[in-house]
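Taking it in order: structure first as structure tokens, then the write-up.
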């Protein structure tokens, strides 16, 4: 087992928190996570799912527990710079296409770090074209090239294919992980992901 798939959308705070913990698991296990950009809106449309914020809007006790769960996760992993994005929900279509474009341009890891940071650590309205352009350029990325490539038919089709293929394998939200064909959902199942990797090693 040399690779775990991480199917993600920047609009998911739990995907960001998983992203922050993944390096710890990689160090402990030597296994690499392969990031697969998907469009959460497309996943929801295909599966009939909704975001937790929407699904549990009228269940105060559920929302309170979700906040408690998040605080416990932050404490467990020493994450002190997570911030709720005041512009949530953010339309991530351009950002996710940009992730596909960044992989083609060889700057994927940097792009992912920059976008996640500006979504959930120093949160901005990351569905405004000028905000996206400014954030990318300010962090040394070729904003013009990436945003142009993000609008190409090839990149659009690749993101659509990623999303459709992920749903076909059982994905209904983000973050989703695959160890082989075994599916795991949610940041808290990263412990189960790690256990599965170790189990397969025998």
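The values are calculated or read from the model by the stated rules, or taken from the named source; none is laboratory data. What you are looking at is a predicted structure, and each value in this text was computed from that prediction instead of being measured. For neighbour counting, all protein chains shown are included, and Cβ atoms are generated from backbone atoms with ideal geometry for every residue, glycine included.
With the requirement that a residue be part of a helix (DSSP H, G or I), within 24 Å of residue 34 (Cβ to Cβ) and without any contact (Cβ under 8 Å) to a residue 24 or more places away in the chain, what does the range 104-141 give you?
109, 113, 117, 118
Can you tell me which residue in the range 80-96 is surrounded by the most Cβ atoms within 10 Å (Cβ to Cβ), limited to those that are within 13 Å of the chain's Cα centre (by Cα) and not in a loop (DSSP other than H, G, I, E, B)?
If we take residues in the range 80-96 being within 13 Å of the chain's Cα centre (by Cα) and not in a loop (DSSP other than H, G, I, E, B), then 96 is surrounded by the most Cβ atoms within 10 Å (Cβ to Cβ).
Can you give me the number of residues within the range 1-21 that are within 30 Å of residue 202 (Cβ to Cβ), touching a strand residue (DSSP E or B) at 6+ places or on another chain (Cβ under 8 Å) and in contact (Cβ under 8 Å) with a residue 40 or more places away in the chain?
8
How many residues are at pLDDT below 95 and not in a loop (DSSP other than H, G, I, E, B) if we restrict to the range 1-23?
So the count comes out to 1.
Look through the range 24-33, keep the residues that are in a helix (DSSP H, G or I) and touching a residue at least 24 places away in the same chain (Cβ under 8 Å), and return whichever of them is surrounded by the fewest Cβ atoms within 10 Å (Cβ to Cβ).
28
Among 194, 164, which is in contact (Cβ under 8 Å) with a residue 24 or more places away in the chain, surrounded by 14 or more Cβ atoms within 10 Å (Cβ to Cβ), more than 28 Å from residue 24 (Cβ to Cβ) and touching a helix residue (DSSP H, G or I) at 6+ places or on another chain (Cβ under 9 Å)?
164
Under 6 Å between Cβ atoms, which residue pairs at least 6 apart in sequence (or on different chains) link something in the range 50-79 that is assigned to a helix (DSSP H, G or I) with a partner that is surrounded by 12 or more Cβ atoms within 10 Å (Cβ to Cβ) and at pLDDT below 85?
What qualifies is 62/56; 63/56.
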